[in-house]
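Reviewing the structure listed below.
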Amino acid sequence: MHFDIITVLPELLQSPLSHSIMQRAKDKELLTVAIHDLREYGLGKHRSTDDYQFGGGAGMVMRCEPLAAAIDALKATREYDEIIYLTPDGEQYKQTRANQLSLGKNLLLICGHYKGIDQRIRDTYVTLEISIGDYVLSGGELAAAVLVDSIGRLLPGVLNDETSALTDSFQDDMLAPPVYTRPAEWRGQRVPDILLGGNFPKIEEWREAQAEQRTRDRRPDLLGEE
């Protein structure tokens with residue numbers, strides 16, 4: 001799978017995508033990420049990418065021309081399953097969307113800054129707008145890293161145990177159950193006996209019940225009970 005990311009701060013994306021599972025995915029050539037500096041398409045000798053907004057008001061807006069030039073150049077090299085703009089007013093990002101996007105081959109991510117990007121770019125190019133939560137970041141780079149990580153880990157061969165992703169929280173609209181490892185007793189707290197007995201059907205029943213109870217306690221909205 002291939003990601004192209006357009007940003008005015010490419011250095012913000014270097015570290016999150018250069019370690020752990022994402023780096024291993026790139027080493028296995030299961031995932032490629034290309035980060036494109038929007039300032040290379042900027043205007044004038046200062047490579048400007050933003051300007052004051054029409055109608056007045058605080059905050060700058062990212063201009064049409066540099067973004068259009070960058071997107072056009074990338075679209076000339078490949079077809080994209082989605083052109084995604086990371087924005088607080090986008091669709092709330094959920095595991096089901098990550099699952100769907102992981103079935104594609106090429107994704108283009110646009111990182112906004114300031115008050116966002118000119119609406120005409122959204123109307124002309126963007127096919128999907130995503131928000132990773134009801135809060136505002138300084139830019140879209142961290143949100144883009146979240147998308148790459150959450151999608152990339154679903155690709156076949158990325159995780160050592162591919163069934164691991166299938167039992168994560170939200171995969172079946174449930175939170176994951178509690179998990180334990182050695183030692184079996186720590187500071188007077190013992191691992192539930194059911195997990196130590198080796199009866200795997202019973203263990204699965206216990207995990208399902210625990211997942212349901214945790215979801216009911218913490219996220220009843222997932223069960224339609226809010």
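Evaluation of Y125 against the conditions (1) surrounded by 11 or more Cβ atoms within 10 Å (Cβ to Cβ); (2) over 21 Å from E91 (Cβ atoms); (3) more than 18 Å from the chain's Cα centre (by Cα) shows that the sole unmet condition is (2). When Q95 is tested against the conditions (1) under 19 Å from I35 (Cα atoms); (2) of a type outside the set (S, T, Y); (3) within 17 Å of the chain's Cα centre (by Cα), the lone failure is (1). Restricting attention to the stretch 65-87 and to residues that are out of contact with any strand residue (DSSP E or B) (no Cβ under 7 Å at 6 or more places or on another chain) and not aliphatic (A, V, I, L, M), the residue that is least open to solvent (accessible area, probe 1.4 Å) turns out to be D72.
The set of residues in the stretch 15-29 that are over 23 Å from D81 (Cβ atoms) and either surrounded by 12 or more Cβ atoms within 10 Å (Cβ to Cβ) or under 14 Å from the mean Cα position of the chain (by Cα) (or both) comprises Q23, R24. The C-beta contact set for the stretch 25-38 (first residue within 15 Å of A144 (Cβ to Cβ), second residue surrounded by fewer than 20 Cβ atoms within 10 Å (Cβ to Cβ) and not small (G, A, S), distance under 6 angstrom, 6+ apart or interchain) comprises T32/H2; I35/P10; D37/P10. Taking the criterion of being farther than 21 Å from Q95 by Cβ, open to solvent by less than 70 Å² (accessible area, probe 1.4 Å) and either in contact with a strand residue (DSSP E or B) (Cβ under 8 Å, 6 or more places away or on another chain) or part of a loop (DSSP other than H, G, I, E, B) (or both), the residues of the stretch 176-198 that qualify are A184, G188, V191, P192, G197, G198. When the stretch 209-225 is filtered for residues that are loosely packed, with under 14 Cβ neighbours inside 10 Å and touching a residue at least 40 places away in the same chain (Cβ under 8 Å), the ones remaining, listed by number, are R218, L223.
Only residues that are in a helix (DSSP H, G or I) and open to solvent by less than 10 Å² (accessible area, probe 1.4 Å): list them for the stretch 144-159, please. Give the derivation first.
Initially, the stretch 144-159 is screened for residues in a helix (DSSP H, G or I), giving 144-152.
Across the stretch 144-159, the qualifying residues are A144, L147, V148, I151, G152.
The set of residues in the stretch 102-122 that are crowded, with 19+ Cβ neighbours inside 10 Å and on the phi > 0 side of the Ramachandran plot contains only G116. Here D50 clears all of (1) over 18 Å from T77 (Cβ atoms); (2) open to solvent by less than 80 Å² (accessible area, probe 1.4 Å); (3) acidic (D, E); (4) within 19 Å of the chain's Cα centre (by Cα) except the condition numbered (4).
Taking every residue in the stretch 114-126 that is closer than 10 Å to A68 by Cβ and pairing it with any residue that is open to solvent by less than 100 Å² (accessible area, probe 1.4 Å) and assigned to a helix (DSSP H, G or I), at least 6 positions away or on another chain, the pairs with Cβ-Cβ distances below 7 Å are D118/C64; R120/C64; I121/C64; I121/L67; I121/A68; Y125/I71.
The values are calculated or read from the model by the stated rules, or taken from the named source; none is laboratory data. Quantities reported herein were computed from a predicted structural model and do not represent experimental measurements. Ideal geometry is used to build each Cβ from the backbone, glycine not excepted, and the neighbour counts take in all protein chains shown. Note: areas computed on protein heavy atoms with side chains; ligands, DNA, RNA excluded. Shrake-Rupley method; radii C 1.70, N 1.55, O 1.52, S 1.80 Å.
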